[in-house]
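The values are calculated or read from the model by the stated rules, or taken from the named source; none is laboratory data. Keep in mind that this is a model prediction, so the values were computed, not measured. In this analysis, Cβ positions are derived from the backbone assuming ideal geometry, glycine residues included, and neighbour counts consider all displayed protein chains. Accessible surface areas use protein heavy atoms only, side chains included; no ligands, DNA or RNA. Shrake-Rupley method; radii C 1.70, N 1.55, O 1.52, S 1.80 Å.
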Amino acid sequence: MTPSPSPLPSTTEAANPHYPHLFAPLDLGFTRIRNRVLMGSIHTGLEDRASDFPKLAAYFAERARGGVGLMVTGGFSPNLVGWLKPFGGKLSWPWEVRPHKFVTQAVHDNGSKICLQLLHAGRYAYHPFSVAPSKLKAPINPFTPRQLSARGVERQITAYADAARRAREAGYDGVEVMGSEGYFINEFTAPRTNKRTDAWGGTPEKRMRFAVEIVRRVREACGPDFIIIYRLSLLDLVEDGNQWEEIVAQAKAIEAAGATIINSGIGWHEARIPTIVTSVPRAAFVNVTAKLRPHVALPLIATNRINMPEVAERILADGIADMVSLARPLLADPDWANKSRAGKPNSINTCIACNQACLDHVFENKHASCLLNPRACAETELNYHKTFAPKRVAVVGAGPAGLACATVAAERGHRVTLFDASGEIGGQFNYAKKIPGKEEFHETLRYFTHKLEETGVEVKLGVLATAQDLSGFDEVVLATGILPRQVEFPGSDHAKVISYLDVLSGRVKVGGRAAIIGAGGIGFDVAEYLVHESPHSDQGSPTLDPARWMAEWGVDPTFEARGSLVPPRPEPPSREVWLLQRSPGKPGARLGKTSGWVHRATLKAKKVQMLGGVEYLGVDDAGLKVRIDGVEQALPVDHVVICAGQEPRRELQVELEAAGISPHLIGGADVAAELDAKRAIDQGSRLAAAL
Ligand code: FAD
Ligand code: NAP
Ligand code: SF4
């Protein structure tokens, strides 16, 4: 069912001229949210220790100052068995209340409201005390949960109600009950994980009873003037997940039990369909929220891959939802809401959905941050204070490292000149943005273009800087990046051996069959480019078209099938590609924790042969000869693309030192091994903060 456009919410205040729906207040009867921007829950790692709460408070305060309407914390378990991991955040004892007051006070002082997320991990708990409706191990967790007795189920419900009461005591405006993503409550609602035959399982009504009881008891414990957001799994995206009529029935029952708002949950953590990485189209799943809209009266929140205000405004104006949830975009830019309200979307540092410094960090047991904004979760430690002694600073190289360094230094009051040999800013991001599924990288270049102008950096493009250009500056920063590594083997000088730069710059048109030497991040990206890019088609990447993307991954566009799964229909690859590495084992083991599996699955669907333990014997007119497991093979390829890592580009350093200038080195110019934009931007920003 297509929702009808929603009229502008009635309010006595003048509508925002740029995004009128996004900045209309939301009246919940007993309280009012100043706009429709919800900061969705994101686990930062700062929740796990009370001593980190002042940092957590500073992190939320910055986003409250940035204009967010309502925030949700990372997950806190209502009891010990629901811990995500040993000693994770929980709110089950009276003495755990006090540190939260730092957070609630900081948010309220800055005009926003905040709910605590109650997250019981169920069978996703990474410890041996985990519990679940049935004794079924999750495919992504080595621990098998204990099946709860009927009394045990009652005890969990009481724990939720007690934790919610404590949240209220701590000053929270409400709680978000996490009922999606395959966690505990979702495990009760889905036949996949609930095999019980007692009062808590066996029929759809009994499976949802646990969720409904929790909402009812939380409402009873906290009174009528307390926000209860219920995160309902609208798409499980797993076999034996919920079916649409069951989801609608759950939504109605949750509403009747006393929830204030329903948030959309998309995909279990064990689902093999990506839901948030950069190759997921923007707002890809909002149609499922739209499908629920006619069935309930309470406000709905749309979520996933909403990162710019025009996308958010469209969702609200089309009547799909009443609020939009942004989590990672507010790590990237804490001022997202204020900038949108002021009609300055160009000044937003847009989340590129890379997961590299947020979710990947959390999975590595580090605090979350942001690739684009190293201050995220470091608000008390990394600050860009105004300088009292402005200097003349030259930055050579306008890749991510140089851009971050130049703009932070200029923001602090230094007089900065930025040189780049190329005619455009961005360095290697100009190649990254051409990869199908990495279209968001354009946004970073748009942001820095604006930021350079705003901070008054003098930009000299098309200038290959020399030591002479750099005399007279107080500080010289070399952000000159890298040169692709040259590799030597018989035939490596053959015409069919080319570099990834030849491919991505369009200098060489690659034939129908290609081998890629080197299966790091760039090798994988080049493979994606080669299997998608077709000289005969200009239809672009499926990332830009939700319908094509859903067909590729097997998401039912009607959302009616159980779990919303249908057989995937990947588009045929435009080339035959081999992706090779010398190291034994499967290529891609070192890719990001939360995105690597998506790259591997995409290439598998495109029939790319990913081979490890490869010895390169030589290239000739017939193709590439390799030896694998002692067996020689000839790959009949038209081109061999070298993606074998990089070396620092430092010829200018020698020249400068000869002229008596000691430069600072950042990004690839400093260390090329394991370089990524996260390190480049972090290093550039930290150097500029210290100049
Ligand atoms: P560069 O980006 O290499 O920039 C160096 C700049 O210096 C260039 O613009 C160059 O023209 C200029 N320069 C050099 N010498 C001079 C001189 N003498 N005078 C003037 N200018 C000079 N990283 C990630 O984190 N995530 C990703 O998903 C990702 N995907 C990628 C995909 C591809 C296809 C590629 C190629 C890279 C990708 N990267 C990714 C890597 C990331 O782009 C690099 O780590 C990052 O660009 C390094 O930044 P840098 O500033 O050190 O150097
Ligand atoms: P990389 O990750 O270091 O990979 C280099 C590849 O080349 C490896 O597979 C390596 O494997 C192979 N290799 C190295 N020396 C070789 C030689 N002499 N001969 C043949 N093969 C050789 O480097 P990259 O792919 O160039 O990526 C650069 C950086 O950009 C990475 O650190 C990455 O973090 C970043 N990046 C990230 C992403 C992302 O999505 N997060 C995407 C692109 C790039 P063997 O030694 O086993 O052959
Ligand atoms: Fe977004 Fe990447 Fe920053 Fe995470 S690290 S918030 S995904 S830009």
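General remarks:
- Once the Cα-Cα distance is subtracted from the 0.36 nm per residue extended length, the GLN609 to ARG446 segment shows a gain of 55.1 nm.
- Formal net charge of residues neighbouring GLY563 (Cβ-Cβ distance under 10 Å; K, R +1; D, E -1): -2
- 3J(HN,Hα) along the stretch 488-499: 10, 7, x, x, 5, 9, 5, 4, 7, 8, 9, 9 Hz, from the Karplus curve 6.51 cos²θ - 1.76 cosθ + 1.60 with θ = phi - 60°, whole Hz, x for Gly and Pro.
- Fraction of antiparallel bridges per DSSP, the stretch 26-342 only, in percent to nearest 5: 5 percent
- From phi via Karplus (6.51, -1.76, 1.60), per-residue ³J(HN,Hα) for the stretch 684-691 in Hz, x at Gly/Pro: x, 5, 5, 5, 5, 5, 9, 6
- Summarising the amide proton neighbourhood of HIS664: residues at separation of 5 or more, or on other chains, whose placed amide H is nearer than 5 Å comprise VAL476, VAL477, LEU478.
- For LEU483, the residues whose amide H sits under 5 Å from its own are GLU647, ARG649, ignoring neighbours fewer than 5 places away on the same chain, with H placed 1.01 Å from N.
- DSSP beta bridge pairing in the chain, given as percent antiparallel to the nearest 5: 20 percent
- Dipole magnitude of the stretch 26-342 about its Cα centre (Cβ charges: Lys, Arg +1; Asp, Glu -1), debye to nearest 20: 420 debye
- In the chain, taking the dipole from charged Cβ atoms about the Cα centre, the farthest positive-side position among ALA138, VAL395, LEU624 is held by ALA138.
- Within straight-line cross-link reach of LYS386, lysines at Cα separation under 21 Å, skipping those fewer than 8 residues along the same chain: LYS451
- Mean sequence separation of contacting Cα pairs (under 8 Å, at least six apart), scaled by the length of the chain, corresponds to a relative contact order of 12 percent.
- For LEU119, neighbours were defined as the other residues whose beta-carbon sits under 11 Å from its Cβ, and their charges (Lys and Arg +1, Asp and Glu -1) total -1.
- Enclosed volume per residue, in Å³, of the convex hull spanned by Cα atoms of the chain: 162 Å³
- Pairs with C-alpha atoms separated by more than 29 Å, drawn from the list LYS344/LYS438; LYS344/LYS366; LYS85/LYS593; LYS434/LYS606; LYS90/LYS291; LYS586/LYS678, are LYS344/LYS366; LYS90/LYS291.
- Unit charges at the beta carbon, dipole of the stretch 26-342: most positive-side option, VAL296, LEU119, VAL311: LEU119
- Averaged per residue, the stretch 26-342 has 31 square angstrom of accessible surface, using a 1.4 angstrom probe with ligands and nucleic acids left out.
- Whole-Hz ³J(HN,Hα) from phi, Karplus 6.51 cos²θ - 1.76 cosθ + 1.60, for the stretch 360-372, glycine and proline x: 4, 4, 4, 5, 8, 6, 10, 5, 5, 8, 9, 3, 8
- For the stretch 129-181, the set of chymotrypsin sites (Phe, Trp or Tyr not before Pro) satisfying both a DSSP loop assignment and a count of at most 16 other C-beta atoms within 10 Å is given as PHE129, PHE143.
- Within the stretch 502-517, backbone nitrogen closer than 14 Å to the virtual label 7 Å beyond the Cα of VAL487 toward Cβ: 515-517
- Sites listed here are GluC sites (Glu not before Pro) in the stretch 288-382 whose DSSP assignment is loop and whose Cβ has at most 14 other Cβ atoms within 10 Å: GLU364, GLU381.
- Charged neighbours of HIS442, selected by a Cβ distance under 12 Å, balance to 0 (K, R count +1; D, E count -1).
- Listed residue (VAL215, LEU478, VAL238) projecting farthest to the positive dipole end of the chain, Cβ model: VAL215
- Degrees separating the helix 244-257 axis from the principal Cα axis of the chain, which is the longest one: 60 degrees
- Student exercise, the stretch 235-291 dipole from Lys, Arg, Asp, Glu Cβ charges, in Debye to nearest 20: 320 debye
- Label sites at TRP597 and LEU461, each approximated as a point 7 angstrom past Cα along Cα to Cβ, lie 4.1 nm apart.
- For VAL497, the residues whose amide H sits under 5 Å from its own are VAL640, ignoring neighbours fewer than 5 places away on the same chain, with H placed 1.01 Å from N.
- Bridging of LYS625 to aspartates and glutamates at a Cα separation below 19 Å is possible for GLU488, ASP493, GLU576, GLU615, ASP638, once same-chain residues fewer than 8 apart are set aside.
- Charge dipole magnitude, Cβ of K and R +1, D and E -1 - the stretch 217-342, Cα centre, debye nearest 20: 260 debye
- Only lysines eight or more places from LYS206 in sequence, or on another chain, were considered; those with a Cα closer than 23 Å are LYS135, LYS137, LYS195, LYS252.
- Principal-axis tilt of helix 521-532 within the chain, Cα atoms, nearest 10 degrees: 80 degrees
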